[in-house]
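**Q** Just dropping this structure here.
The values are calculated or read from the model by the stated rules, or taken from the named source; none is laboratory data. Everything quoted here is computed from the prediction, not taken from an experiment. Cβ placement follows ideal geometry from the backbone for every residue including glycine, while neighbour counts extend to all protein chains displayed. For the accessible areas, the whole protein counts, side chains as well, though only heavy atoms, and no ligand, DNA or RNA atoms are used. Shrake-Rupley method; radii C 1.70, N 1.55, O 1.52, S 1.80 Å.
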Amino acid sequence: MQENESSRLQLDGDEMARQIGYMARVRDFNAASGDGRQKLCYVETYGCQQNEADSEHLRGMALEMGYGLTDGPENASLIVFNTCAVREHAEQRVYGNVGAMLKYKRRDPSLVIAVCGCMAGEDHVARRLKKSFPYVSIVADSRSLWRFPELLFGVLVNGRREFVSGGADVVAEGLPVARDRSVKGWLPVMYGCDNFCSYCIVPYVRGRERSRSPEAVEAQFRQMLDEGIRDVTLLGQNVNSYGRNAREHFETDFPALLERLDRVPGEYRIRFMTSHPKDASDRLFDVMRDCEHVAPHLHLPFQSGSTAILRQMNRGYTREQYLDRVRAARERVPDLVLTSDVIVGFPGETEADFEETLSLVEAVRFDALFTFIYSPRVGTRAAAMPNDTPPEEIGRRFDRLVAVQNAISAEKHAAYEGKTLRVLTDGRAENKPEGWLSARTGGGRLVVFEGDESLIGRWADVKITGHTTWSLSGERVG
Ligand code: SAH
Ligand code: SF4
Ligand code: F3S
C-alpha cells in the first residue's frame with residue numbers, strides 16, 4: 001500500500017467551501033433574474049491540453065452556477081475565452097475574437113465576457129484589456145481559475161470589473177468538471193513550471209510547479225474510467241518531475257505514479273505529456289515497457305539540435321545527451337512511437353545551428369514533429385537577445401525542416417502497411433465520407449477505416465492498407 005501523500009501546496013478547504021458558496025449564490029441570482037429561460041455559457045479554448053482540462057472545470061463551474069452549455073457565442077449570457085500566450089499569433093487571434101463579441105454585448109448589456117487562461121497572466125495583456133476592451137468584465141489567469149465563482153458574483157451582483165493574476169500557486173482539488181462525452185480524456189497531474197526555458201512564457205503565467213497527490217490523481221483516474229474514458233493522457237509541463245521540486249517531495253515519483261495507475265483493472269490506455277529530456281530516466285522507460293496499460297508513446301521535445309542554442313535556451317541538456325535519451329528509450333520500449341517539438345529561428349541561430357537541427361531530425365527519425373517559429377514573449381530572457389536573422393530566412397529554414405520531416409513521417413507510415421494494429425475508435429473521421437471512423441493506435445497514430453458508428457468507444461483490429469503523411473487507413477479484421 002502507498003502511504004497517503006497530500007500536496008502541501010493544496011488550496012485551503014475553507015477557501016474551496018467559500019467558492020462553492022459563491023456558486024450557489026450565482027445560481028440563485030441567475031434563477032431570480034432574466035426571463036425564466038436558462039442562461040447559457042460558451043467557453044472558447046486556445047492552446048494546449050492543460051487549457052482543455054481547465055475549460056472542463058470552467059464548464060463544470062458554469063453548470064453548477066445554473067448555466068446550460070452552448071457551442072457558440074450567439075445566445076450565450078456568459079462567454080469565457082480560455083487563452084494561450086505561448087506565441088504571438090495565438091494572442092492576436094484572441095484580441096480579434098474578443099473584439100468580435102462587442103456586437104453581442106451591445107444587443108445584451110447583461111452579457112458577461114471573461115478572458116481567462118495564460119494571456120490573462122501577462123500584465124501588459126491585462127492592462128490592454130482593461131483600457132481598450134471595457135466590455136470585458138473578468139480577466140483572470142489560470143492560477144486563479146478556482147476563484148471564478150467569486151469573480152462572476154462580483155460582476156453580476158456588485159457590477160464590478162474583476163482583474164486577478166498571480167497570487168499563491170496552489171493545487172485546487174474538488175472543482176466541478178464537465179467533460180465531453182469522448183473516449184479520450186485529460187488528467188492534469190501537476191501545474192506550473194520551474195524550468196524557465198529562456199523563450200517560454202509558461203513559468204510566468206502558470207506559476208511555480210506543484211503536483212496533485214497520487215490519491216487525488218488515482219481518484220480522478222478511476223472516475224474517468226467509470227465515465228467510459230479509455231484513453232487517458234496525464235498532463236504536466238514536465239511530468240518527469242512530478243512530486244519533486246524545491247517545495248515538495250513525494251515518495252511517489254512519476255514512474256511510480258504510472259505503476260500505481262496501471263494496477264487499476266480494465267481495458268484502457270495511459271499516455272502522458274510532456275517529458276523534459278533532462279528528467280527522462282531509464283526507469284521511466286522500463287515502466288513504460290512493463291506496464292500493460294502505458295502506451296508506447298513518448299513526446300520528448302528537443303527544441304534544437306545545436307548544443308550552443310540549447311544552452312541559450314536554458315534546456316539543461318546537450319545534443320548528445322538528447323540522443324542518448326532517445327537511444328535508451330528505443331532500447332527499452334518495443335515499438336516506441338517518438339514525437340517531438342522544435343523551434344526554428346531562436347535568437348542567434350546560425351545556418352550551421354539550423355543544420356544541426358536538420359541532422360538531428362534525420363538521425364532520430366521522429367514519427368511526428370511539431371515545428372514552431374520562434375516568437376519573442378515579453379519578459380522572457382530570450383526576448384532581450386539580439387535576433388538578426390531575417391524573417392524570410394527563418395521561413396525558408398522552417399520549410400526545409402517541414403519537408404524533411406514530412407518525408408520521414410510518410411516513410412514511417414508506409415512501413416505500417418500490411419500490419420494489423422489494435423486501435424481505439426474515437427469518432428467519425430474528419431474530411432472523409434459517411435461511414436468512415438477515426439481511431440488511434442497505442443503509439444497515438446491516427447487510423448481511419450470504414451465501419452459502423454456503434455464501434456465508437458470500442459477497440460478494433462485494423463489491417464493497414466494505405467497512408468498519408470498524417471494518417472493511416474485500413475480495413476477492420478476479425
Ligand atoms: N512544457 C513543454 C512545452 C510547452 S509549450 C515542454 O517543455 O516541452 C509547447 C511548445 O511550444 C514547446 O515545446 C516549444 O516548442 C513551443 N514554444 C514555447 N515557447 C515558444 C516561443 N516563444 N516561440 C515558439 N515556440 C515556442
Ligand atoms: Fe516552457 Fe520549458 Fe517549462 Fe516547457 S519546460 S513549459 S518549454 S519553460
Ligand atoms: Fe498551454 Fe499556451 Fe498556456 S501552451 S500552458 S495554454 S501558454
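**Q** Please specify each residue of segment 48-74 satisfying the condition of being in contact with a helix residue (DSSP H, G or I) (Cβ under 9 Å, 6 or more places away or on another chain), of a type outside the set (A, V, I, L, M, F, W, C) and more than 27 Å from Leu234 (Cβ to Cβ).
**A** Of everything in segment 48-74, those that are in contact with a helix residue (DSSP H, G or I) (Cβ under 9 Å, 6 or more places away or on another chain), of a type outside the set (A, V, I, L, M, F, W, C) and more than 27 Å from Leu234 (Cβ to Cβ) turn out to be Gly66, Tyr67, Gly68, Pro73, Glu74.
**Q** Next up: For Ala429, are the conditions met, namely being without any contact (Cβ under 8 Å) to a residue 24 or more places away in the chain and surrounded by 18 or more Cβ atoms within 10 Å (Cβ to Cβ)?
**A** Yes; evaluated as a whole, the condition is true for this residue.
**Q** Any chance segment 113-132 includes a residue that's more than 14 Å from Val80 (Cβ to Cβ), modelled with pLDDT under 95, surrounded by fewer than 18 Cβ atoms within 10 Å (Cβ to Cβ) and not assigned by TED's automatic domain parsing to the domain that holds Val378?
**A** No: segment 113-132 contains no residue that is more than 14 Å from Val80 (Cβ to Cβ), modelled with pLDDT under 95, surrounded by fewer than 18 Cβ atoms within 10 Å (Cβ to Cβ) and not assigned by TED's automatic domain parsing to the domain that holds Val378.
**Q** I would also like to ask the following. Given the condition open to solvent by 30 Å² or more (accessible area, probe 1.4 Å), more than 16 Å from ligand 2 (Cβ to nearest atom) and closer than 28 Å to Gly13 by Cβ, answer yes or no: does some residue in segment 208-217 qualify?
**A** Taking every residue of segment 208-217 in turn, at least one turns out to be open to solvent by 30 Å² or more (accessible area, probe 1.4 Å), more than 16 Å from ligand 2 (Cβ to nearest atom) and closer than 28 Å to Gly13 by Cβ.
**Q** Another one. Output the number of residues of segment 70-103 satisfying the condition of being assigned to a strand (DSSP E or B) and touching a Lys or Arg at 6+ places or on another chain (Cβ under 6 Å).
**A** So the count comes out to 0.
**Q** Could you list, in sequence order, the residues of segment 1-59 that are touching a Ser or Thr at 6+ places or on another chain (Cβ under 8 Å) and among the basic types (Lys, Arg)?
**A** Within segment 1-59, Lys39 is the sole residue that qualifies.
**Q** Of all residues being acidic (Asp, Glu) and without any contact (Cβ under 8 Å) to a residue 40 or more places away in the chain in segment 281-322, which is most open to solvent (accessible area, probe 1.4 Å)? Just the residue, please.
**A** Result: Glu292.
**Q** It is to be established whether one or more residues within segment 129-145 are of a type in the set (Gly, Ala, Ser), touching a helix residue (DSSP H, G or I) at 6+ places or on another chain (Cβ under 7 Å) and more than 26 Å from Tyr374 (Cβ to Cβ).
**A** Yes, segment 129-145 contains a residue that is of a type in the set (Gly, Ala, Ser), touching a helix residue (DSSP H, G or I) at 6+ places or on another chain (Cβ under 7 Å) and more than 26 Å from Tyr374 (Cβ to Cβ).
**Q** Considering only segment 34-79, state which residues are of a type in the set (Gly, Ala, Ser), within 16 Å of ligand 1 (Cβ to nearest atom) and farther than 25 Å from Gly21 by Cβ.
**A** Gly47
**Q** To continue, here is another question. Taking segment 25-69 as the region of interest, how many residues are open to solvent by less than 60 Å² (accessible area, probe 1.4 Å) and either away from ligand 2 (no atom under 16 Å from the Cβ) or not in a helix (DSSP H, G or I) (or both)?
**A** Here the count works out to 25.
**Q** Counting just the residues of segment 140-192 that are within 16 Å of ligand 2 (Cβ to nearest atom) and more than 30 Å from Gly457 (Cα to Cα), which one comes out surrounded by the fewest Cβ atoms within 10 Å (Cβ to Cβ)?
**A** Asp169
**Q** Let me ask another. Hey, among Gly174, Gly185, which residue is in contact with a helix residue (DSSP H, G or I) (Cβ under 7 Å, 6 or more places away or on another chain) and either within 14 Å of ligand 3 (Cβ to nearest atom) or not in a loop (DSSP other than H, G, I, E, B) (or both)?
**A** Testing whether each residue is in contact with a helix residue (DSSP H, G or I) (Cβ under 7 Å, 6 or more places away or on another chain) and either within 14 Å of ligand 3 (Cβ to nearest atom) or not in a loop (DSSP other than H, G, I, E, B) (or both) leaves just Gly185.
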